[in-house]
Amino acid sequence: MDTSTHISEEEKDILQEIMNIAFGKAAADLAEVINIFVVLSVPDIKIIKAVDLPNYIRTEFCEFSNISIVEQNFWGGFKGNALLVFQADAGKELIALLGDSGELTHESEFSDILENETLIEVGNILIGACVGKVAELLQDVVTYSPPRIIFEDHSSVSMPKTLFDPSNSAIILKTVFSFNERNVNGFLFLITSDNSVVWLKKALADFMEKYE
Amino acid sequence: MNEFSQIFETVNFGLIILNTELKVTHWNHWMARQSGIDAKQITGAPLFDFFPEINTPRFLRNLNSVLSFGNFSFFSQKLHRFLFPFKPAGSFKSTIFEYMQQSCTMGPIRDDDNQITGVFLIVQDVTELASYEQKLMEMNIKDGLTGVYNRRFFQTRLNEEFQRHKRYGSKLSLIMFDIDFFKKVNDCHGHQCGDAVLQAVASKIASSIRQTDFLVRYGGEEFCCLLPQTGLADALLLAERFRKIIEAQVTTYQQNDVKVTISLGVSAPTIGDSAESLLKRTDEALYQAKNSGRNRVVSMLTGHIEQTGLDNIT
Amino acid sequence: MINVILIVDDSPVSRKMLKSCIPKDQEYVFHEAGDGLAGLELYRKIQPDVTFMDLTMPVMDGATALDEIIKYDKHALVIVLTADVQVKSLAKVTELGAFLVVRKPPSKESIQDALSKAEEKLR
């Protein structure tokens, strides 16, 4: 078994196709089963050193003035962090999208909570859909930490430096998502570390075995 | 019973398993205790037959997500309060919450082929935690002595209401009042008596305002009353009513009968106003009330005194 | 009788996967293109019996290429291969003239089934 943590070009292509399929299925299921209509772009795969991660994210987000980030950890053979980045007023728009606004009275403290909790709920479902479908294709079972908002309304991102062992590489899968019916767009980042790579290489090889 | 069944039954939180048709296949002892519904009664029956209130779009959305994607769904107390309407457990009878506050987690149940065959639902009692959190939030916005809102809360509120006024043209008024010769009360009867007087005044005024009005302790013996949807004329009437009832009130503290009066300033937004300029002008009006004899109401709309107290024109 | 098969997909992995699901004993001739425009041009050149079309591609996406191919040859047998199987998307490509829609990832069963149906149509 190849125990290096280097992803070859061919493996990257396989991962790319798996991501395409997974996200396509995720969007379809979200629409048909959950009634959430979201467009997920073809995911972009990058491999960078974990130590460069904070800078990378800061660069990606610098064009947004105000953002909210929902974060969730997942771990199966495929493990890592998911970050869902929304523009700051996304919560309000998503409440309208889900049609749940009747559940709470509109006191100012509560509408903040409703916005945040809606972001978290939609984030949880989106991340679950994307990660879940990838896991399914790779014959993996994944468990999740509760999602949390790691910040809101800040113009400068400061990622916790201790996310990963700095010597690791990070595989970053980036997708643009947009809810067309509401003007809500953002990014989904799946960040896995070296710990996953050995498993991932084998999972990719197993997947392609059927197609040799 | 195997080891897991033993744990399933004895843990101190609710554990339910539902199949894909949402029928209950497992219902642990905690759920039975809290609900009064035996496992025997509910096993095999649809959950919604016993708890129709859980059948909401949000619940179904999260449930379908778990069944389709195999992720977890989290029903936080903050948003949902509770899924199952149970009374608070044990002897910790919270006065804040009528029902047990719950934090719930849902996840997939898979068979040997990793196909999802159902969901588990964990129900945790977080009433105590929620009570503390509520208390903390309240302490943050309320004044410890009098129980009315504090100054920090007032700033936020004033800005919000002012924005609302600007955006929708809705009416808004502000009353500022303070207790006349309060220092004397402290000097003659002691600070504890002073505190009692503050509490009595706050309490009396608080019971004279509407649900939508905000009474705030702004400073030592100074209070503000923010009146949304209220015009200046009505605010003036209210201010005069405040003045009269405090004038008539007697506070008894350790055999001492103490009477105080209040001076009041009233204002409402004018063109070009900001929240700060409204506050400043109301403060000016209060100052004028103090300067022109105390125990009276003064209103200011522009830079000049519009009208002095209704009964106290000398 | 199916002889020539055109595969239009921007992912070499995906093309490989598809080919491996197609029976080897039929001596099909394969042609491949990496985007919708190249696929359209190749179609005009080689006139395949069956075309497999991916939807999300650069330069020209699959739906547009499908549309153009049908305009060029209204009897074209185009099988759309996609992961996004929402009712809306299916309706759209069917309306544009797709013969069949097959879900990704392909399997030997789903592809052979699609090819038999295509054979039937050609008779």
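No lab work stands behind these numbers, since they all come straight from the coordinates. All values derive from a computational prediction rather than experimental measurement. Heads up, the Cβs are rebuilt from the backbone with ideal geometry, glycines too, and the neighbour counts pull from every protein chain shown.
Can you list the aspartates and glutamates whose alpha carbon sits under 14 Å from that of B:LYS135, skipping same-chain ones fewer than 8 residues off?
List returned: B:ASP143.
Amide H of C:VAL102: which non-local residues (sequence gap of 5 or more, or other chain) have their own amide H closer than 5 Å, using H built in the peptide plane?
The answer is C:VAL80, C:LEU81, C:THR82.
Considering every pair of different Cα atoms, what Kirkwood radius, in Å, is found for the protein assembly as shown?
Averaging 1/r across every pair of different Cα atoms and inverting gives 30.0 Å.
Place the peptides B:220-227, B:204-211 in order of packing, highest mean first, counting for every residue the other Cβ atoms within 10 Å and averaging per peptide. Please report the intermediate quantities before stating the final value.
Details: B:220-227: 22.4, B:204-211: 13.6.
Per-residue Cβ counts within 10 Å, averaged per peptide and sorted highest first, yield B:220-227, B:204-211.
Is segment B:68-169 rounded, prolate or oblate when judged by the Cα gyration tensor, a ≥ b ≥ c being the square roots of its eigenvalues, rounded requiring a/c under 1.5 and prolate requiring a/b larger than b/c?
Cα axes put segment B:68-169 in the oblate bin.
Between segment C:80-123 and segment B:41-104, what's the alpha-carbon centroid distance in Å?
Going from one Cα centre to the other spans 42 Å.
Taking θ as phi - 60°, what are the ³J(HN,Hα) couplings along segment C:31-41 by the Karplus curve (6.51, -1.76, 1.60), each to the nearest whole Hz, with x for Gly and Pro?
Listing the rounded values in order: 10, 10, 9, x, 7, x, 5, 4, x, 4, 4 Hz.
Given the DSSP H assignment, sum -39500 (n - 2.57) over each helix run of at least 4 residues in chain C and divide by its residue total; what's the result at 222 nm in deg cm²/dmol, nearest 500?
-14000 deg cm²/dmol
What FRET efficiency would be calculated for the residue pair A:ASN35, B:GLN199, taking the C-beta separation as r and a Förster radius of 51 Å, to the nearest 0.05?
Computed FRET efficiency for A:ASN35 and B:GLN199 comes out at 0.45.
How large is the direction-averaged shadow of the alpha-carbon convex hull of segment B:142-308, in nm²?
For the Cα atoms of segment B:142-308, the hull's average projected area reads 9.1 nm².
So how many Å³ per residue does the convex hull of the Cα atoms of chain C work out to?
Spelled out: Cα convex hull of chain C, divided by residues, is 92 Å³.
Rg and Dmax of segment B:3-134, Cα atoms, in Å?
Final numbers for Rg and Dmax: 14.7, 49 Å.
Would you kindly compute the Cα radius of gyration of segment C:29-74 and its largest Cα-Cα separation (Dmax), both in Å?
Cα radius of gyration and Dmax of segment C:29-74 are 9.5, 25 Å respectively.
With a point put 7 Å past each Cα toward its Cβ, work out how far B:THR105 is from B:LEU136 in nm, to one decimal.
Going by the 7 Å Cα→Cβ label model, 2.0 nm.
Using every alpha carbon pair in segment B:171-250, what percent of pairs falls into each 10 Å bin from 0 up to the bin containing the largest distance?
Bin by bin from 0 Å, the calculated values are 18, 51, 25, 7, 0.
Between C:ARG103 and A:VAL141, how many nm apart are label points set 7 Å from Cα along the C-beta direction?
Computed distance between label sites C:ARG103 and A:VAL141 equals 2.1 nm.
Just the number, please: Stokes-Einstein D of chain B in µm²/s, Kirkwood Rh from C-alpha pairs, 37 °C, 0.692 mPa s.
Reported coefficient: 138 µm²/s.
Return the average number of partner chain Cβ atoms within 10 angstrom of each residue Cβ along peptide A:124-131.
Mean partner shielding for this stretch: 5.
For segment B:214-226, just list the computed ³J(HN,Hα) in residue order, Karplus coefficients 6.51, -1.76 and 1.60, θ = phi - 60°, integers in Hz, with x standing in for Gly and Pro.
10, 9, 9, 8, 8, x, x, 10, 10, 10, 10, 10, 8
Per residue of A:113-123, how many C-beta atoms from partner chains lie within 10 Å of its own C-beta, taken as a mean?
The shielding value for this peptide is 3.
What nm value, rounded to one decimal, do you get for the distance between B:PHE4 and B:SER208 when each label is placed 7 Å out toward the C-beta?
Between B:PHE4 and B:SER208, the simple spin-label model gives 6.8 nm.
Roughly what % antiparallel, to the nearest 5, for the DSSP beta bridges in chain B? Walk me through the numbers before you get to the answer.
On the way: 46 of 50 bridges.
Of all bridge pairs located within chain B, approximately 90 percent are antiparallel.
Kindly state, as a whole number, the per residue volume in cubic angstrom of the convex hull around the alpha carbon atoms of segment B:3-78.
117
Would you tell me the mean number of C-beta atoms belonging to other protein chains that fall within 10 Å of each C-beta in C:85-91, as a whole number?
4
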